[in-house]
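One structure is given below, encoded as C-alpha cells.
The values are calculated or read from the model by the stated rules, or taken from the named source; none is laboratory data. Only a predicted model underlies this, so the values are computations on that prediction, with no experimental measurement involved. Cβ coordinates were reconstructed from backbone atoms using ideal geometry, including for glycine residues, and neighbour counts include every protein chain displayed.
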Amino acid sequence: MKCPSKLCLLAITLVSLTGCDPVPTEQHFSVPTGETLVAAPAAANHYRWPVIEDDWQATKPTDCAFLRQLEPGAIGEIADQIFKNNQKRIEEAKSSQQPPPWMVASSGLTGEALTMARLALDEVDGQPMLRESVAMPPDASNPTVWLDKTGRHLVIGGDNGLWISRLPWRPWWALPGTPPTDLDEPGDASKFQHLSLPMSGENAIHVEFFATQADGSDSRMIVAAGQQLHLVDCTTASVAATRSLNENIQHLSVAAETGHAAVVDQSGNLYLTDPKLATATKIGEVDVSLPMPAISPEAARIAAWHDQNTGRVFKLDRGALDDDFDVPLTDPGEPLMVRCSRAYDLWIEKNACHKRPNYPNTPGNDRQTWRTSIYWDIVDVLDLHNAPTPCTQLCLADRPLPDGGTERVMYDAILGDRGFGRPTPTKRFGDRKPVVAASGTVVALHDGQTIDLYTRIANIHQGVNYLGGLVGSWAWQNRFDDLEALHSVIRALPERRFNRTKEQIYQVLVEATAMQWIYREQSLQNDQATEADLEVTKERLAGFAEWADRQSPLALTTKIKYCIMKAWNARGNGWSSSVSEKDWRTFESQNKKAMESWKKLQQIDDVPAVAYEYFASLARDTSLSYDDSYDQIREFLERFPHDDMMHFQVMIWRLERWGGTRGSAAAYAAAVARALGPPMGDFIYSRCIERIANVFPRAFFGYALVDGNRVLAGVRQGLDMRYYREQSTPNAIILVAGSHSLPDTPGPNSTYTKNALRLCEDLAEYYRARYPMLPNEIVNRTGNQGLDRMKTYLPE
C-alpha cells in the first residue's frame, strides 16, 4: 500500500469477552512517502483504505467481504429505484375507483374496527370534521354556547334564559360518511326548547353539566345566575330545584359524575352543594384574585390556589369536608388555572404544571407536588371527564414555530402523567373559541349568529403506539382475521406512515402480538388469578396455538419472536454460569423452534424486515458463523435499504461481549453506510451507533472506533427528514451531547464540539416545536448520565 503522507493507527487493546471498556491509548508514527505498508499480508488486497485530505486514514474494515466489494452508493441506487416503483404504484392507484390495497378501506374491516385501524395506520389526521351548522335562536341575547357531558345536548344561554336542543348522537368511531349504525340516536340541533330563568345583569351566567349514566340519558346541569343556583334537566328543559346564596356567584365547578358543586361567591366564600341543591355548606374561603377552584369528577376533592406559591386541597367524604391542607409548589410562576381529575390535582401556569397525585405510592406523597415544564404557552385546559382515562384534558396552547412566531393548537393531554396527543391547528376557526363536550368528541363554535358543530376523535396519537395497543387488544381477543387484515394493508404500503417505513410499522404488529401471547402464557402462573380467569386465558392461548398452525407469514414471524422471547426468559440476563441446565435446554429448544419457523418463512416471497433481525439474533444464539449470515445481510440490504433493524443485531453480535473484536460493530455500520451513500447512509450509521450506545458505560466513540463526524451528519439528516419523535429526539441529544462533553472527547473549542453543540440546540428547538413536554419514558429513565446533559436543552 503506497502512503502519500503519514499514517495514524490506533493500537487495539485486547479485552475479555465480558464487554469491559478499557481506556485506549493512541500511537502515532510516520511512514516515509512512497514506502509500502502491509496491514495484513494475507488479506491486504481486501482492505480499501479511504483517503481524506491527502492522508491515509486507517479505519477498521468490516469482516463482511461482500460489503467491502460493493461500490459506494450501490445500495442507495437500489433504494432510489424502490422509491420510484412505489411512486408509480401511488400514481396508478389514483385512476382506480377502488381503494388501493394499502388503505384500510380495502381490508374488509367495518364499523369500529375500521376506524380504529385507520387511526392506527395514520389515515385520520385529527382535524375536527364539520357535521352541521345551526342558526342561533333569534331571541338569544348576548349568547354563550355549551355542550353537555356526552355531546348530546346543545345549550345556549343569554340574558333572557336558556335554549336547549337534543343533538343527533353517533358513536365516536362513526365518522362523517359512515353508514347508519344500530347505536345512532336521533336528534334535531335546530329544535330548541326555551327555559326562562330569572337572570341578573350584574353577574354572568355559569353552566356546568353532570350525568351519572354513561349514555347521558340523565344529563343535567347546574346553572348559576346572580345569587341563584338552578338544577336543570336537559331532556325536559325544566328546573328541578333552586337554591339562593347571600351574594352573587362568581364561580361554579360541578363534579361531572355526581353533581356536587363547588361554588364561590364574590366575597370568596367557598360552598359545597349536594346534587339536588338541598344544601349549600360553606367549607372555606379562597382568594378571588387568584384562579378559581375545581372539584374532581367523583366529588372527592376540591383543589384551589391558597396563594401564588401554594396550592390548597379540600378533601371530601360523602359530600362533606373531611380535611383541608396546603401543598407547596416547586419554583412557582404566575397562576393561570387549577384543574382536578380523579388521579391528579393540577396547578397550571403558562409554561408549567404542578401535580399532586391522588393515589400516593408512599405516605406523604399526597402533600407534595411535582413540577412539569411545558414548552408551549397554555391558553386554556378543559377536563375531559368522559374520556377513556380518568385524567385527560384538552389543551389550547400557542406552540413556537421555527420562524419565531407561534401557532394556536388544541391537543389532548394527560398533564399529570406527561402524556400528549397529536396537536390540531385552530387557525381555520378564526377568533372563535371552541366549546368542547367533556367526551372530547363534539366541538361547537359560533359567531353570534351561526353555530358550527364538529365531530372530533379524542386522544389521537402522533406515532405507532396506538397500533401496538390495538394489536395487543385484538390478539388477546383472538381476532386473528383482523390482525391478518392489518398484515395485508401494511405489507402493501408504498409510503411511510407516521414518518416510519412499512417495515417499522410491521414490526409493531408482530411484536405486540407476540408480547400478548407470551404475557398471557405467563399469567397462568399468577397465584391471584381466579379459576374463571385461568379458563379464559387457556382458551385464548389455545387460539394462539391454532392460529400459529396456519403458518401465515404473520403467524410465522410472530412465532419466531415468541420463541426468542421464551428462550431469553429462560436464559435470563445474568452470566452464563448462572443459568441452570434445564433453562439452557429451554433456551436451545426454543431457538431451534424459532429457526424452523424462519426456514418456513423464507419460502414465501415477502419476508418482512423484522424477520431478518430475528435471524441475526438466532444466528448469534445458535453459534452460527458470520459467514452463515452474509446471504441474509445482502438480501436485507437490497430489499430494505432504508431500514436498520437487522444491522442492530449484527452489530450486537460483533461486540466483544459476544466474541467480536473492538471496533467491529462500528466497522460494519460504516460499510453499510458506504454502500448506501450519503445522506441516508449517514443516517443509518447514526441510528446503528445510537442503538449500541447503552452497551458502553461512558463516552465510547474513541474506544469503539466510531466516526463522530458521520454520526453528526446522520443525526442532521434525521432532523432534516423530521424523523425524530418524542423519545427518539431526546435519545439523539443524549448521543450527540455525550460525544463531546465527557473525558476523552474533543476539546470545547474543537470544530467537532461546536458542530455537536449546534446540533443539540437544533434538536431541542425541533422538539419544542413538535411536543409540549418530555414524556415519562424519558424523565423516569435511570442509570444514564446523559439524561442530565439532555435536560439542559429540554428541561423536565
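Of the residues making up the range 459-497, those that are modelled with pLDDT of 95 or more and either in contact with a Cys (Cβ under 8 Å, 6 or more places away or on another chain) or among the hydrophobic types (A, V, I, L, M, F, W, C) (or both) number 14. Number of residues in the range 496-520 that are touching a residue at least 24 places away in the same chain (Cβ under 8 Å) and assigned to a helix (DSSP H, G or I): the value is 17.
Filter the range 289-316 down to residues that are in a loop (DSSP other than H, G, I, E, B) and among the small types (Gly, Ala, Ser) and give me whichever is farthest from residue 339 (Cα to Cα).
289
Every listed requirement among (1) of a type in the set (A, V, I, L, M); (2) over 27 Å from the mean Cα position of the chain (by Cα); (3) more than 29 Å from residue 211 (Cα to Cα) is met by residue 145 save one, (3). Annotation: of all residues in the range 718-769 being among the acidic types (Asp, Glu) and assigned to a loop (DSSP other than H, G, I, E, B), the one that is nearest to residue 689 (Cα to Cα) is 744. Being closer than 29 Å to residue 487 by Cβ and touching a Phe, Trp or Tyr at 6+ places or on another chain (Cβ under 9 Å): is that true of residue 654 here? Against the criterion (closer than 29 Å to residue 487 by Cβ and touching a Phe, Trp or Tyr at 6+ places or on another chain (Cβ under 9 Å)), residue 654 does not qualify. What do you reckon, is residue 403 more than 20 Å from the chain's Cα centre (by Cα), farther than 17 Å from residue 770 by Cα and surrounded by fewer than 15 Cβ atoms within 10 Å (Cβ to Cβ)? Against the criterion (more than 20 Å from the chain's Cα centre (by Cα), farther than 17 Å from residue 770 by Cα and surrounded by fewer than 15 Cβ atoms within 10 Å (Cβ to Cβ)), residue 403 does not qualify.
For the range 530-630, the helices (runs of 4 or more DSSP H) that sit wholly inside it and include 2 or more residues that are β-branched (Val, Ile, Thr) and under 27 Å from residue 64 (Cβ atoms) are 553-571. Of the residues that make up the range 626-648, is at least one more than 29 Å from residue 79 (Cβ to Cβ), touching a residue at least 12 places away in the same chain (Cβ under 8 Å) and crowded, with 19+ Cβ neighbours inside 10 Å? No, because not a single residue in the range 626-648 is more than 29 Å from residue 79 (Cβ to Cβ), touching a residue at least 12 places away in the same chain (Cβ under 8 Å) and crowded, with 19+ Cβ neighbours inside 10 Å. Listed conditions (1) out of contact with any helix residue (DSSP H, G or I) (no Cβ under 7 Å at 6 or more places or on another chain); (2) farther than 20 Å from residue 314 by Cβ; (3) at pLDDT 95 or above; (4) surrounded by fewer than 22 Cβ atoms within 10 Å (Cβ to Cβ) are all met by residue 375, apart from (1).
Can you pull out the residues in the range 182-209 that are at pLDDT 90 or above, crowded, with 18+ Cβ neighbours inside 10 Å and within 20 Å of residue 439 (Cα to Cα)?
189, 207, 208, 209
Taken as a whole, the condition of being assigned to a loop (DSSP other than H, G, I, E, B), aliphatic (A, V, I, L, M) and touching a strand residue (DSSP E or B) at 6+ places or on another chain (Cβ under 7 Å) applies to residue 189.
When each of 599, 561, 538 is tested for being over 24 Å from residue 461 (Cβ atoms) and either touching a residue at least 12 places away in the same chain (Cβ under 8 Å) or surrounded by 18 or more Cβ atoms within 10 Å (Cβ to Cβ) (or both), the lone residue that passes is 538. When residue 216 is tested against the conditions (1) part of a loop (DSSP other than H, G, I, E, B); (2) within 35 Å of the chain's Cα centre (by Cα); (3) at pLDDT 95 or above, the lone failure is (3).
For the range 640-649, name all the residues that are part of a loop (DSSP other than H, G, I, E, B) and either at pLDDT below 95 or not aromatic (Phe, Trp, Tyr) (or both). Outline the logic, then answer.
From the range 640-649, those part of a loop (DSSP other than H, G, I, E, B) are 640-644; that's our starting set.
Result: 641, 642, 643, 644.
Of everything listed in (1) surrounded by 14 or more Cβ atoms within 10 Å (Cβ to Cβ); (2) of a type in the set (A, V, I, L, M, F, W, C); (3) in a helix (DSSP H, G or I), the single unmet condition for residue 493 is (3).
Taking the range 230-265 as the range and being crowded, with 18+ Cβ neighbours inside 10 Å and in a loop (DSSP other than H, G, I, E, B) as the test, the residues that pass are 234, 237, 245, 255, 256, 257, 258, 259, 260.
Quick check: is even one residue across the range 294-303 of a type in the set (Val, Ile, Thr) and touching a His at 6+ places or on another chain (Cβ under 7 Å)? Checking the range 294-303: at least one residue is of a type in the set (Val, Ile, Thr) and touching a His at 6+ places or on another chain (Cβ under 7 Å). Out of the range 462-478, which residues are part of a helix (DSSP H, G or I) and under 21 Å from residue 770 (Cβ atoms)? Those that are part of a helix (DSSP H, G or I) and under 21 Å from residue 770 (Cβ atoms): 465, 466, 467, 468. Cβ-Cβ contacts under 7 Å between residues 6 or more apart (or on different chains), taken from a first residue in the range 744-764 that is closer than 14 Å to residue 702 by Cβ to a second residue that is part of a helix (DSSP H, G or I), are listed as 746/752; 746/753; 747/753; 752/708; 752/709. Within the range 99-144, the residues that satisfy the criterion of being surrounded by fewer than 20 Cβ atoms within 10 Å (Cβ to Cβ), within 26 Å of residue 238 (Cβ to Cβ) and hydrophobic (A, V, I, L, M, F, W, C) are 135, 136. Every condition in (1) over 26 Å from the mean Cα position of the chain (by Cα); (2) buried (at least 23 other Cβ atoms within 10 Å of the Cβ); (3) at pLDDT 95 or above holds for residue 701 except the one numbered (3). Is it the case that the range 355-364 has a residue that's in contact (Cβ under 8 Å) with a residue 24 or more places away in the chain, touching a Pro at 6+ places or on another chain (Cβ under 8 Å) and not aromatic (Phe, Trp, Tyr)? Looking through the range 355-364, none of the residues is in contact (Cβ under 8 Å) with a residue 24 or more places away in the chain, touching a Pro at 6+ places or on another chain (Cβ under 8 Å) and not aromatic (Phe, Trp, Tyr).
Considering the range 771-796, the residues that are in a helix (DSSP H, G or I) and touching a residue at least 24 places away in the same chain (Cβ under 8 Å) include one that is surrounded by the most Cβ atoms within 10 Å (Cβ to Cβ), namely 790. Residues in the range 650-690 that are under 22 Å from residue 719 (Cβ atoms) and either outside any helix (DSSP H, G or I) or modelled with pLDDT under 90 (or both): 677, 678, 679. Condition (residue is under 22 Å from residue 385 (Cα atoms), crowded, with 16+ Cβ neighbours inside 10 Å and touching a Gly at 6+ places or on another chain (Cβ under 7 Å)) applied to the range 319-332: is it met by at least one residue? No. Among the numbered conditions (1) touching a Gly at 6+ places or on another chain (Cβ under 9 Å); (2) surrounded by 20 or more Cβ atoms within 10 Å (Cβ to Cβ); (3) more than 14 Å from residue 118 (Cβ to Cβ), the only one that residue 478 does not meet is (2). The number of residues in the range 691-704 that are in contact (Cβ under 8 Å) with a residue 60 or more places away in the chain and in a loop (DSSP other than H, G, I, E, B) comes to 6.
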